[in-house]
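These notes are about the structure you will find just below.
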Amino acid sequence: DNPPAMMGPARVVASPSLPLLRSRRLASPGFLLAGAAILSATALSVFSFLSNGHAQNVGAPAAAGLQARTIGGVPGVGMRQYLSGLKGKGMAAFGGERGIRAKIPSPSAVEIGVEDTTSTQTSVSPLDSETAGALYEDMHLGRKFEDATAQWYQRGKVFGFVHLANGQEAISSGAIKQLRPDDYICSTYRDHIHALSKGCDPKEVMAELFAKKTGICNGQGGSMHMFSKKHNMLGGFAFIGEGIPVALGAAFQTRYRRDALKDPNADQVTLAFFGDGTSNVGQFAECLNMASLYKLPIVFVVENNLWAIGMYHYRATAPHLGDQLPHIYKKGPAFGMPGVNVDGMDVVAVREAIGKAVARARAGEGPTLIEAETYRYRGHSLADPDQLRSPEEKERFAKMDPIEKFRAYCLENNLLTEEQLKEYENKAEAKVQEAVEFADNSPKPDKSQLLNNVFADPKGFGVDENGKYRYQNPDFMAKSAAAGLQQ
Amino acid sequence: AMETDPKAVVFGEDVKFGGVFRCTLGLVDKFGSDRVFNTPLSEQGLVGFGIGMCSVGHTAIAEIQFADYIHPAFDQIINEGSKYRYRSGSQFECGGLTIRTPYGVVGHGGFYHSQSPEATYCVPGVKVVIPRSPIQAKGLLLSCIRDPNPCIFFEPKILYRASVEEVPEGDYMIPLGKAEVVREGTDVTVIGWGSQLRILDSACEMAEKEGYSCELIDVRTLYPYDIDTLEASVKKTGRVIISHEAAVTGGWGAELSAKIQERCFLHLEAPIKRVCGYDIPPSPLVFERIHIPDALKNLDAIKETVNY
């Protein structure tokens with residue numbers, strides 16, 4: 001299993017520095033450092049423009065309304081080296097095979113995104129210290145929680161298939177933290193941090209991972225099935241794409257309550273999270289169509305981390321006609337909704353993009369498709385040796401750590417001091433520690449729970465002629481498959 | 001099959017680098033990426049695509065990453081794959097299609113990596129084959145690929161790492177539609193397939209020590225199944241135990257029970273006993289060990305049936 005030598009096209013997209021150009025100081029050195037990435041990428045993009053002759057829209061300022069933009073370039077690696085490496089190799093730079101397979105196009109393609117000016121929502125409320133602190137703590141909690149999960153998995157307390165979301169915290173925190181408690185979210189199997197951001201108790205989530213009775217699903221679900229009625233977390237889906245229709249249904253019932261049942265308070269929004277591979281599943285298309293048709297208050301959030309286990313996004317998804325790279329957000333307009341591209345490593349940008357989409361949905365203007373470009377620092381799951389992704393790629397994205405980025409941002413913009421940040425970190429770590437202790441000390445589920453919840457009644461198997469639950473009949477256990485379970 | 005049939009291709013999710021269970025390791029180096037390629041995450045799409053290829057004469061070996069994910073392709077398999085030959089009056093057929101998929105509990109699978117949906121896919125027009133060991137797997141898979149009918153080949157995933165055998169190199173085929181008597185005995189007929197055989201074998205060992213002589217049969221091809229071997233064995237012993245991981249209600253044991261009692265009613269000395277999974281979604285992680293029909297449960301069933 002040799003890791004491929006490819007670099008892959010770069011995806012430098014909106015970073016915090018761009019909106020800041022409008023309203024903040026440019027002078028502080030830290031800001032310049034933070035902005036260096038985008039500036040150098042801009043320079044590199046200009047270079048690529050000169051060498052490749054593609055039209056580009058570099059650093060377009062964020063206008064009112066939803067706007068998406070993509071800027072090509074390879075930050076951190078000399079453009080000259082990269083291009084010269086490609087010279088004469090053509091497709092060989094990406095692995096060398098030819099034949100009937102998806103071709104990966106040239107890396108310096110630049111496209112102008114979709115601009116939607118139909119929304120009446122202009123911007124979200126600016127970040128203040130308190131909100132920034134909450135965001136930072138949540139991201140840190142997510143990271144520490146996932147690290148703790150990995151640790152306890154190695155020690156044998158967490159088992160099964162576990163998928164960690166290190167690197168994707170910005171999307172979870174940026175998107176979910178601004179929802180109301182009665183808004184819904186639907187996730188995938190990479191759902192621990194989504195549950196945490198939505199407000200689920202880390203103790204219960206960890207207990208679920210340890211498969212204890214006190215877990216959020218009584219130990220019956222496990223890592224991939226985090227559900228919470230209290231926090232309106234609709235799961236936790238192991239099967240990709242299966243959560244999207246479920247989210248659609250939740251959004252529909254909001255619309256129904258508002259329009260058919262005339263409930264003026266029915267303005268909940270649903271967020272459906274899924275990955276890049278899922279955009280090729282039939283259910284994705286079906287749901288986008290219906291959402292648009294019925295103008296549902298739903299926001300589809302694609303967490304594009306480039307890899308569907310071992311399937312590279314650019315080899316799995318065909319580009320839009322006329323493009324060289326596939327862009328999932330461009331599928332939105334085809335289904336009648338705006339498509340927005342956002343840098344998923346930048347919690348401020350995510351918060352803004354999703355905030356606008358949520359406001360749009362809440363106002364009854366319909367769905368939005370948001371593609372947040374991110375990366376997962378760990379393998380697909382804890383059982384994944386993660387040998388397919390090149391070290392260069394991993395390093396490149398490690399430099400874009402969303403938590404580090406946000407930390408720098410907070411310090412630069414005097415939202416939080418070093419001490420405050422440290423305090424939030426300690427709080428997060430304490431929560432994780434508490435969660436692990438709680439989970440470890442919790443009891444395992446009883447054997448008698450095995451048959452619970454198959455059907456609506458507590459022990460399944462229905463009601464008999466006398467109107468009593470079947471399991472209450474003393475003969476029931478002796479004659480059925482449950483024999484041997486009585487405790 | 002890839003070597004002898006130039007029109008054969010292998011595809012599925014992540015098969016290129018070898019697959020999540022390393023089943024297709026090395027194939028792309030040998031046969032090139034025109035013949036071994038990854039598909040996007042669309043099970044319905046990839047099975048339908050396979051059916052289409054086969055209907056014009058090619059051979060498609062599709063891999064579904066886990067049997068739990070085969071359900072989006074249910075429509076294609078049941079509505080298109082199984083009926084192709086029938087409804088076109090044999091003008092077209094998709095016999096070149098073989099779907100390989102790992103099934104069964106594995107200790108840590110949870111609800112979406114442990115299912116045993118073999119009963120649901122036993123429909124007229126499709127053959128369902130399940131091997132119990134590597135030697136059987138190679139022969140049966142080659143037979144499936146070369147069989148002029150669409151086949152679903154369920155591979156017991158728990159045996160991927162656990163099973164070690166000296167597999168003969170070279171080409172050999174094991175005929176489909178024939179069950180195999182793995183162990184001869186006189187007191188009771190024990191029937192199973194796939195990963196369950198290992199468990200049943202140890203149950204039979206334990207039973208032998210206690211003086212019960214068990215005849216163990218591996219069904220191998222679930223549909224169409226070899227009723228003659230089963231019938232001959234049941235007529236000899238008069239007692240039957242059928243064991244599988246899938247839920248007892250509606251599992252394939254139900255079909256076999258019905259058929260056996262139809263043919264051997266007067267020879268039966270005891271009711272046919274099914275030792276199977278409970279009627280819950282298979283399989284909750286924390287309860288997996290009590291959910292699966294393990295050797296002890298089968299041993300108890302053997303004793304109970306023989307002493308009926």
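Within the range A:437-474, restricting attention to residues that are more than 14 Å from chain B (Cβ to nearest Cβ) and touching a residue at least 40 places away in the same chain (Cβ under 8 Å), the residue that is nearest to B:Val286 (Cα to Cα) is A:Asp440.
Any residue in the range B:145-163 that is touching a strand residue (DSSP E or B) at 6+ places or on another chain (Cβ under 6 Å), outside any helix (DSSP H, G or I) and within 14 Å of another protein chain (Cβ to nearest Cβ)? For the range B:145-163, residues touching a strand residue (DSSP E or B) at 6+ places or on another chain (Cβ under 6 Å), outside any helix (DSSP H, G or I) and within 14 Å of another protein chain (Cβ to nearest Cβ): present. In the range A:365-374, is there at least one residue being surrounded by fewer than 24 Cβ atoms within 10 Å (Cβ to Cβ) and touching a Lys or Arg at 6+ places or on another chain (Cβ under 8 Å)? Looking for residues that are surrounded by fewer than 24 Cβ atoms within 10 Å (Cβ to Cβ) and touching a Lys or Arg at 6+ places or on another chain (Cβ under 8 Å), one finds at least one in the range A:365-374, hence yes.
Can you tell me which residue among B:Phe111, B:Phe92 is open to solvent by 10 Å² or more (accessible area, probe 1.4 Å), within 14 Å of another protein chain (Cβ to nearest Cβ) and at negative phi?
Numbers: B:Phe92 fails: within 14 Å of another protein chain (Cβ to nearest Cβ).
Just one listed residue meets the conditions, B:Phe111.
For residues that are away from chain B (no Cβ under 14 Å), part of a loop (DSSP other than H, G, I, E, B) and touching a strand residue (DSSP E or B) at 6+ places or on another chain (Cβ under 8 Å), scanning just the range A:147-197, find the one that is nearest to A:Val124 (Cα to Cα). So, considering only residues that are away from chain B (no Cβ under 14 Å), part of a loop (DSSP other than H, G, I, E, B) and touching a strand residue (DSSP E or B) at 6+ places or on another chain (Cβ under 8 Å), the one nearest to A:Val124 (Cα to Cα) is A:Leu179.
Residues in the range A:303-316 that are open to solvent by less than 10 Å² (accessible area, probe 1.4 Å), within 13 Å of another protein chain (Cβ to nearest Cβ) and touching an Asp or Glu at 6+ places or on another chain (Cβ under 7 Å): 2 in all.
Kindly establish whether A:Asn232 is away from every other protein chain (no Cβ under 14 Å), modelled with pLDDT under 95, surrounded by fewer than 23 Cβ atoms within 10 Å (Cβ to Cβ) and under 25 Å from A:Val347 (Cβ atoms).
Values: away from every other protein chain (no Cβ under 14 Å): yes; modelled with pLDDT under 95: yes; surrounded by fewer than 23 Cβ atoms within 10 Å (Cβ to Cβ): yes; under 25 Å from A:Val347 (Cβ atoms): yes.
Judged against the criteria, A:Asn232 is a match.
Got a number for residues in the range A:375-431 being in contact with a helix residue (DSSP H, G or I) (Cβ under 6 Å, 6 or more places away or on another chain) and without any contact (Cβ under 8 Å) to a residue 40 or more places away in the chain? Of the residues in the range A:375-431, 0 are in contact with a helix residue (DSSP H, G or I) (Cβ under 6 Å, 6 or more places away or on another chain) and without any contact (Cβ under 8 Å) to a residue 40 or more places away in the chain. Listed by first and then second residue, the pairs with beta-carbon distance under 6 Å, at least 6 apart or on different chains, first residue in the range B:51-69 and on the phi > 0 side of the Ramachandran plot, second not in a loop (DSSP other than H, G, I, E, B), form an empty list. Screening the range B:198-308 for strands (runs of 3 or more DSSP E) wholly inside it with 3 or more residues that are closer than 30 Å to A:Ala207 by Cβ and within 14 Å of chain A (Cβ to nearest Cβ) returns the ranges B:240-247.
Let's see how each residue does on (1) open to solvent by 20 Å² or more (accessible area, probe 1.4 Å); (2) more than 16 Å from the chain's Cα centre (by Cα); (3) more than 22 Å from B:Leu230 (Cα to Cα):
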residue	(1), (2), (3)
B:Ile130	no, no, no
B:Gly139	no, no, no
B:Lys157	no, no, yes
B:Glu169	yes, yes, yes
B:Asp201	yes, yes, no
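When the residues of the range A:201-224 are filtered to those that are surrounded by fewer than 21 Cβ atoms within 10 Å (Cβ to Cβ) and part of a loop (DSSP other than H, G, I, E, B), the one that is farthest from the other protein chains (Cβ to nearest Cβ) is A:Asp201. Given the condition within 14 Å of the chain's Cα centre (by Cα) and buried (at least 22 other Cβ atoms within 10 Å of the Cβ), answer yes or no: does some residue in the range B:256-272 qualify? Within the range B:256-272, none of the residues are within 14 Å of the chain's Cα centre (by Cα) and buried (at least 22 other Cβ atoms within 10 Å of the Cβ).
Yes/no matrix, rows are residues, columns are (1) buried (at least 20 other Cβ atoms within 10 Å of the Cβ); (2) out of contact with any Asp or Glu (no Cβ under 9 Å at 6 or more places or on another chain); (3) within 13 Å of chain A (Cβ to nearest Cβ):
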site	(1), (2), (3)
B:Gly32	no, no, yes
B:Glu43	yes, no, yes
B:Ile61	yes, yes, no
B:Gln65	yes, no, yes
B:Ile70	yes, no, yes
B:Ala73	yes, no, yes
B:Ile78	no, yes, no
B:Thr101	yes, no, no
B:Gln115	yes, no, yes
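Of the residues A:Phe227, A:Phe252, A:Phe273, which single one is touching a His at 6+ places or on another chain (Cβ under 8 Å) and either more than 23 Å from B:Pro284 (Cβ to Cβ) or surrounded by fewer than 24 Cβ atoms within 10 Å (Cβ to Cβ) (or both)? Answer to the selection: A:Phe273. Scanning the range A:231-270 for residues that are in contact (Cβ under 8 Å) with a residue 12 or more places away in the chain and assigned to a loop (DSSP other than H, G, I, E, B) yields a total of 14. Only helices (runs of 4 or more DSSP H) whose full extent lies in the range A:288-402 are considered here, and the ones with at least 3 residues that are under 19 Å from A:Ser172 (Cα atoms) and within 15 Å of the chain's Cα centre (by Cα) are A:347-362.
Within the range A:386-410, the set of residues being more than 14 Å from chain B (Cβ to nearest Cβ) and buried (at least 18 other Cβ atoms within 10 Å of the Cβ) comprises A:Glu393, A:Arg396, A:Phe397, A:Met400, A:Asp401, A:Pro402, A:Ile403, A:Lys405, A:Phe406, A:Arg407, A:Tyr409, A:Cys410.
The values are calculated or read from the model by the stated rules, or taken from the named source; none is laboratory data. Note that the coordinates shown come from a computational prediction; the quantities given were computed from them, not determined experimentally. FYI the Cβ positions are ideal-geometry reconstructions off the backbone, even for glycines, and counts take in every protein chain you see. Just so you know, the surface numbers come from the protein's heavy atoms only, side chains and all, with ligands and any DNA or RNA stripped out. Shrake-Rupley method; radii C 1.70, N 1.55, O 1.52, S 1.80 Å.
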